[in-house]
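Where a number appears in this text, it was derived from the coordinates with a stated rule and is not lab data. Not measured: the values here are computed from a predicted model. Cβ coordinates were reconstructed from backbone atoms using ideal geometry, including for glycine residues, and neighbour counts include every protein chain displayed.
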Ligand SMILES: Cc1ncc(C[n+]2csc(CCOP(=O)(O)OP(=O)(O)O)c2C)c(N)n1
């Protein structure tokens with residue numbers, strides 16, 4: 001079978017594109033900083049996992065940073081987000097404190113969920129990060145419910161729901177698309193099509209090359225973007241959010257991207273991790289955006305090198321602080337649960 005599934009543009013072929021006219025220089029530079037910060041923190045996560053500091057598993061979003069940063073850049077603080085186990089980027093971009101996130105990954109008492117959620121179950125409703133979720137597609141109908149509640153509140157809030165190509169094969173995905181369109185919910189479906197569901201390439205699991213097409217069957221607006229181009233992602237999200245706030249209903253945005261070398265930091269190897277790394281680096285969203293900022297005269301290489309260094313230092317500090325945090329005490333198993341306390 002021929003692989004007709006489109007991929008992000010290779011760095012060597014990419015041209016910077018035009019500078020967005022509706023965004024000032026500070027915001028353009030902030031987006032680079034944000035992508036670099038997520039990358040640096042994720043690299044610490046991978047290293048901390050390898051050293052046994054993160055129980056369970058963890059799913060890096062390295063190489064997919066343009067998706068959370070580009071989409072959340074156009075959201076309001078009171079908009080809401082639901083993401084997957086590969087959701088550290090969304091959590092950070094939505095405003096989660098990185099130390100509280102890292103402490104959660106290390107299941108420490110100071111974690112954002114007091115160490116009870118771990119890497120795959122982050123939640124901080126006060127910043128609009130409703131949840132990340134380990135069940136593939138399980139959060140998609142939940143996002144439909146959150147969007148229905150937002151619609152009923154009538155404050156113009158929008159909900160963004162992130163998921164992968166594998167999730168787009170689940171029945172819940174189709175059911176939610178149908179009801180979201182029927183009820184014109186203020187919901188943006190953001191599919192990070194990174195070409196793989198664990199070990200299964202999309203060409204062996206998807207009947208059609210483009211996931212965005214599935215929205216057409218429900219009469220829903222949809223777009224395909226190069227998910228490694230933060231500017232293109234933000235522009236598509238801007239259109240979707242405008243539509244949602246205007247009461248015109250949901251949009252499905254398919255962001256074509258490339259996965260980190262393995263499904264998770266726990267998975268052994270995979271097909272060829274070195275080849276996967278080369279593929280990812282060839283379409284790196286950070287390098288791509290760096291070129292654009294330099295071409296537009298918004299920043300120079302020296303300034304961007306300084307950002308890279310600043311976030312490396314910050315990420316190391318984040319990790320060190322999380323490592324110093326205590327583990328939850330045994331009494332905490334009786335806290336934050338619906339079941340009654342210990343037998344007396
Ligand atoms: C309902 C359900 N089925 C299977 C799994 C096991 N599983 C975990 S991640 C994953 C792959 C999902 O791939 P995709 O949606 O493309 O997201 P990606 O991991 O590539 O970001 C699977 C099958 C699960 N967690 N939940």
Legend entry - Relative exposure of 310, 90, 12, judged by other C-beta atoms within 10 Å (fewest first): 12, 310, 90
Inset, instruction - Using only Cα atoms, locate the centre of the range 216-293 and the centre of the range 179-211, then give the distance between them in Å, rounded to an integer. - result: 11
Legend entry - Computed P(r) (all Cα pairs; the range 22-319; 5 Å bins; percent): 1, 6, 13, 17, 19, 18, 14, 9, 4, 1, 0
Legend entry - Length released on extending from residue 135 to residue 321, taking residue separation times 0.36 nm less the Cα-Cα span: 64.0 nm
Inset, instruction - Provide the percentage of antiparallel DSSP beta bridges, counting only those with both residues in the range 22-319; round to the nearest 5. - result: 10
Legend entry - Sites residue 126 and residue 335 - FRET efficiency at Förster radius 22 Å, r taken between beta-carbons, to 0.05: 0.70
Inset, instruction - Once you have the Cα-Cα distance between residue 27 and residue 97, take 0.36 nm times their residue separation minus that, and quote the gain in nm to one decimal. - result: 23.2 nm
Legend entry - GNM top mover of 112, 136, 298 - the chain, alpha-carbon springs below 10 Å: 298
Inset, instruction - For the chain, with a Gaussian network of springs between Cα atoms less than 10 Å apart, report the residue from 319, 86, 152 with the top mean-square fluctuation. - result: 152
Legend entry - Anisotropy class of the range 302-344 from Cα gyration tensor, a/c 1.5 cut: prolate
Legend entry - Exposure proxy order (Cβ contacts within 10 Å, fewest to most) of 94, 116: 116, 94
Inset, instruction - Set the Förster radius R0 to 22 Å, insert the Cβ-Cβ distance between residue 13 and residue 305 as r into 1/(1 + (r/R0)^6), and round the FRET efficiency to 0.05. - result: 0.35
Inset, instruction - Using only the alpha carbons, work out the radius of gyration and Dmax of the range 285-324 in angstrom. - result: 13.4, 42
Inset, instruction - Calculate for the chain the 222 nm mean residue ellipticity that helices alone would give, adding -39,500 (n - 2.57) per DSSP H run of length 4 or more and normalising by residue count, nearest 500 deg cm²/dmol. - result: -12500 deg cm²/dmol
Inset, instruction - Could you let me know the centre-to-centre spacing of the range 126-157 and the range 45-88, using Cα atoms, in angstrom? - result: 17
Inset, instruction - Fewest Cβ neighbours within 10 Å first, please rank 191, 169 accordingly. - result: 169, 191
Legend entry - In range of the label at residue 295: residues from the range 26-51 whose backbone nitrogen is under 20 Å from the point 7 Å along Cα→Cβ: 26-33, 35-36
Inset, instruction - Could you check which residue among 102, 220, 35 shows the biggest mean-square fluctuation in a GNM of the chain with a 10 Å Cα cutoff? - result: 220
